[in-house]
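What follows is a short report on a single structure.
What follows draws every value from the coordinates through simple rules; no lab data is involved. Everything numeric in this text was worked out from a predicted model, so none of it was measured. Note: ideal-geometry Cβ built from the backbone for every residue, glycine included; neighbour counts use all protein chains shown.
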Amino acid sequence: MMGKPVPLRRLSVLVPIYNEGATVERLLRSVVAVRAGLELEVLACDDGSTDGTRDILRDLSLPGLRVIMLDRNVGRGGVLKHLWTVATGDVVIHQDADLEYTPEDYPAMLEPLREGTADVVYGSRFMGGKPHRILFFWHTIGNRLLTFLSNMCTNLNLTDMETCYKLFRTEIIQSLPLREKRFGFEPEVTARIAHLPKIRIYEVGISYYGRTYAEGKHIGWKDGVRAIYCIVKYNFFASDARVLTGAGPRRT
């Protein structure tokens, strides 16, 4: 059933950046060029880069762009936690700086929130007819396995828990006691939102232009092991996590 349309004024795009000198300017220019029908706030946070990224960011002047420099590396999750505290948009979306995801998908992801039917929207690389670069078989299997394990614990039916593109009403993400500093953020935030009463979660198909390790891909098998640990921890053993019952989390 359709909800009441919700007026949205501003979108905050949160961009954690670490050693992305080859792509960061192109990415940020593509973000500010998006026509999403909202005022745009782009919060680009350098996480202690050592490859010249910081010099690029210092010299970059774009509409709506605010650059934040951290003196030490705190990890992707740590950067996002900082950016949530300063975001002023009605909704926030996460954007990596490596060009694997295209900001042209923002309007489609915003639509369920505009219609008043969603509180959180995940951009899925595994649904819909959008373009996808063909790369690693075992990465795909790993992503699907992690999503499957997460779904078993949360009682959700997501197709892509590990996606970068997660869009939240700002007050929701700011209320969560998130702790993970690296890629454990994805299963942690999924576990925590799944246990919120009456939360409405949607998925939208997005494009994906994955890169190789030679092109700068950061994630590895150790991050997959950490993700499994976080799936179990934040669904069953975290002191501030609600333990699942047989009925699963409450839904509308």
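Computed values, structure above
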{"quantity": "Net charge over other residues, Cβ less than 11 angstrom from the Cβ of M109 (K, R count +1; D, E count -1)", "calculated": "-2"}
{"quantity": "Efficiency of FRET from Cβ geometry, I228 and L62, R₀ 41 Å, rounded to 0.05", "calculated": "0.60"}
{"quantity": "Dipole of the chain [Lys/Arg +1, Asp/Glu -1 at C-beta], most positive-end residue of M127, F236, G184", "calculated": "F236"}
{"quantity": "Greater than 21 Å apart at Cα, pairs in K130/K181; K130/K166; K4/K130; K181/K233", "calculated": "K130/K181; K4/K130"}
{"quantity": "Distance from the stretch 75-132 to the stretch 140-188 (C-alpha centre basis), Å", "calculated": "12"}
{"quantity": "Pairwise label distance in nanometres, W138 with K198, each label 7 Å out on the Cα-Cβ vector", "calculated": "4.7"}
{"quantity": "Debye, to nearest 20: dipole size of the chain, +1 on Lys, Arg Cβ, -1 on Asp, Glu Cβ", "calculated": "700"}
{"quantity": "Loop-exposed GluC sites (Glu not before Pro) per DSSP, neighbour cap 14 Cβ within 10 angstrom, longest uninterrupted part of the chain", "calculated": "1-114"}
{"quantity": "Distant-in-sequence amide H partners of V91 (H built 1.01 Å from N, under 5 Å)", "calculated": "R10, S12, T170"}
